[in-house]
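Report on one structure; see the data block that follows.
The values are calculated or read from the model by the stated rules, or taken from the named source; none is laboratory data. Just so you know, these numbers come straight off a predicted model, no measurement behind them. Using ideal geometry, Cβ is built from the backbone for each residue, glycine included, and neighbour counts are taken over all protein chains shown. Only protein heavy atoms, including side chains, enter the accessible area calculation; ligands, DNA and RNA are left aside. Shrake-Rupley method; radii C 1.70, N 1.55, O 1.52, S 1.80 Å.
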Amino acid sequence: MQLYLQYFLLLAAALFCTGIYGLVTSRNAVRVLMSIELLLNAVNLNLMGFSNYLDPSEIKGQVFAVFVIAIAAAESAVGLAIILAIYRNRDTIDMEQFNLLKW
Amino acid sequence: MNLSEGVQIVSFVVLAALTLCAALGVVLLEEIVYSAFLLGAVFIGISGLFILLNADFVAAAQILIYVGAVNVLILFAIMLVNKREPFAPSRNLWIRRSATAVVCLGIFALLGTMVIATPWAIAPSPGPVDTVLKIGIHFFSDYLLPFELASVLLLMAMVGAIILARRDFIPEVTIPGATSEPLALPERPRELPSERVGS
């Protein structure tokens, strides 16, 4: 009995599906950003698993994970700034009412 | 990783349960502040899984960046837009939720069968590897260009976030003798409610 790569991949898939569910169904705009962070973390977990099991000498997956973390930090800063701006503009954070560009 | 296999299994199960339950709480709980704190629990669980996967540097970076910066940023955003509004009930909400749940379970089934059916080319472990040394060598030799581009991207994101989140009141520009119609913005930033009451 030892740890296999499949366990980590299944856990990452479950985390990814949870993030997709939250991304689609949540109506609070901040919760949408949190779901995006969940998605990025699931991808990071995948990269780590591949780096440890398939490429243990040249750990390139960890390098990619560091890049993903940097991109996620930039994304969350800009996303929260956009949410603040649109909250001042529309006075709500309900995703259903952000239909400025719809018609 | 020089832990015994039983310890590894037990810690994996505990960390996976923590991460999955906290992720479900992030998505399903009504109160947004609880979701933010549970998101921190998700990040800590994932960093524990990174340590199980022999990635100590990235685990430390995960805790520093996600728990220390992103989660605090999200909490600040929740406090800044703290408005308790009952969302207007929309029609057919349960149809949308159940359809999304079915689609997500389908994605999970697809990914799960792919993960189990694929014969992964597991490489033999070469013994303990100094991850910080390896990552540094990669950053400054073959991944130098993405590394520098990431720093430029972080700078651009910082400037963009400051410009987007700044509250600037655009003064009325009236040029005498010229029609100011094309210069006027159709929408300008709202004042805060407290300032509106005060004035």
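So the label point goes 7 Å from the Cα of A:Val68 along Cα→C-beta, right? Which residues of region A:40-58 then have their backbone N under 11 Å from it?
The answer is A:40-51, whose backbone nitrogens lie closer than 11 Å to the label point.
In region A:1-70, which chymotrypsin sites (Phe, Trp or Tyr not before Pro) fall in coil by DSSP and have 16 or fewer other Cβ atoms within 10 Å?
A:Tyr4
Using Cα-Cα distances under 8 Å and only pairs 6 or more residues apart, what relative contact order does chain A have, in percent?
Value for chain A: 28 percent.
Whole number in Å², please: accessible area per residue of region B:98-172, 1.4 Å probe, ligands, DNA and RNA not counted.
Counting only protein heavy atoms, the per-residue value for region B:98-172 is 70 Å².
For a Förster distance of 45 Å, can you work out the FRET efficiency between the beta-carbons of B:Ile137 and B:Ile116, rounded to the nearest 0.05?
0.80
Mind checking region B:76-149 for trypsin sites (Lys or Arg not before Pro) that DSSP puts in a loop (not H, G, I, E or B) and that have at most 16 other Cβ atoms within 10 Å?
B:Lys83, B:Arg84, B:Arg91
Do you know which residues of region B:1-31 lose at least 30 square angstrom of accessible area in the protein assembly compared with their chain on its own, with a 1.4 angstrom probe?
Flagged in region B:1-31: B:Glu5, B:Ile9, B:Phe12, B:Leu20, B:Ala23, B:Val26, B:Val27.
Restricting attention to the protein assembly as shown, give the cysteines that have no other cysteine Cβ less than 4.7 angstrom from their Cβ.
That list is B:Cys21.
If you take the accessible area of B alone, add that of A alone, and subtract the area of the pair, what total do you get in Å², probe 1.4 Å, to the nearest 100?
The contact between A and B buries close to 7400 Å².
Calculate the spin-label point distance for B:Ser90 paired with B:Val7, positioning each point 7 Å from the Cα along the beta-carbon direction, and give it in nanometres.
A separation of 5.0 nm, rounded to one decimal place.
In nm, give the distance between the simple-model label positions of B:Met156 and B:Phe37, each being 7 Å from the Cα along the Cα-to-Cβ direction.
3.8
Can you tell me the Rg and Dmax of region B:1-84, counting just the alpha carbons, in angstroms?
When restricted to the Cα atoms of region B:1-84, Rg and Dmax are 14.7, 50 Å.
By the gyration tensor of its Cα atoms, with a ≥ b ≥ c the square roots of the eigenvalues, what is the shape of chain A: rounded for a/c under 1.5, prolate for a/b over b/c, or oblate?
Since a/c reaches 1.5 and a/b is larger than b/c, the shape of chain A is classed as prolate.
Indicate the gyration tensor shape class of region B:14-156 (rounded, prolate or oblate), computed on the Cα atoms with a ≥ b ≥ c the square roots of the eigenvalues: a/c under 1.5 is rounded; otherwise a/b larger than b/c is prolate and the rest oblate.
oblate
Rounded to the nearest 0.05, what FRET efficiency do B:Ala123 and A:Asp91 give with R0 = 45 Å and r taken as the Cβ-Cβ distance? Could you check?
0.20
In sequence order, what are the phi-derived ³J(HN,Hα) couplings for region B:16-30 according to the Karplus relation 6.51 cos²θ - 1.76 cosθ + 1.60 with θ = phi - 60°, rounded to whole Hz, with x for glycine and proline?
5, 5, 4, 5, 5, 5, 5, 5, 5, x, 4, 7, 9, 5, 7
With charges only on Cβ, +1 for K and R and -1 for D and E, what is the dipole size of chain A about its Cα centre, in debye, rounded to 20?
It works out to roughly 240 debye.
Would you list, by chain and number, the lysines whose Cα falls below 29 Å from the Cα of B:Lys134, excluding same-chain residues fewer than 8 positions away?
Reachable lysines: A:Lys60.
Are there any trypsin sites (Lys or Arg not before Pro) in chain A that are in a DSSP loop and have at most 10 other Cβ atoms within 10 Å? List them by number.
A:Lys102
Once you place label points 7 Å from the Cα toward the Cβ at B:Leu145 and A:Ile82, how far apart are they in nm?
2.8
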